[in-house]
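Down below is the structure, laid out as structure tokens.
Please treat every number below as a calculation from the coordinates, not as lab data. Because the structure is predicted, anything quoted here is derived from the model rather than measured.
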Amino acid sequence: MASLRDLSSGRYTHEGLLAVYQPESVQQALEQCHEEIFERLLETSLEDQESDLRAHLEGMEQGLHVAVSHWHKLEAYRNLIPAEAPDYLKELFCSNTRALLEILAAENCKAH
């Protein structure tokens, strides 16, 4: 969902939906969907969050190790947070993600 959001404006776009629905309706629906998915993610166990994060980063072109390093340095995961999410959920997400990145980085160091 975050990939449908323009980071400079905060507006969500989806060409297929915009061909059928009014822009404001698309914006509202995608924003709400992003918030709901974000909250559901935080309701899952850390083990499931780790598995999802690992799968996502392993699928990146440069591989898991490089992706973990960049995500950790650049805090790229912050771009995944819905703009209107409550601060305590934003903090929880960032804390969880930082911890999971540390775990993935430590596993990678043991493997090498």
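Taking amide hydrogens as placed 1.01 Å from N in the peptide plane, the amide H of R11 sits under 5 Å from those of D6, each at least 5 positions away in sequence or on another chain. Which of (1) 7.8; (2) 7.3; (3) 6.5 is the computed mean projected area of the Cα convex hull in nm² for the structure on display? Read-out taken from this structure: (1). Here is how the number arises for the chain: DSSP H runs of 4 or more residues each give -39500 (n - 2.57), the sum is divided by the residue count, and the result at 222 nm is -21500 deg cm²/dmol.
Along the stretch 9-26 the Karplus relation, 6.51 cos²θ - 1.76 cosθ + 1.60 evaluated at θ = phi - 60°, assigns HN-Hα couplings of 10, x, 7, 8, 9, 8, 4, x, 5, 5, 6, 10, 10, 5, x, 5, 5, 5 Hz to successive residues, with x for each Gly and Pro. The phi-based Karplus calculation (6.51 cos²θ - 1.76 cosθ + 1.60; θ = phi - 60°) puts the 3J(HN,Hα) values of the stretch 78-91 at 4, 6, 8, 7, x, 4, 8, 5, x, 4, 5, 6, 4, 5 Hz, whole numbers, x for Gly and Pro.
Across the stretch 93-98, coupling constants 3J(HN,Hα) worked out from phi with the 6.51/-1.76/1.60 Karplus curve, θ = phi - 60°, read 4, 5, 4, 4, 5, 4 Hz, and Gly and Pro carry x.
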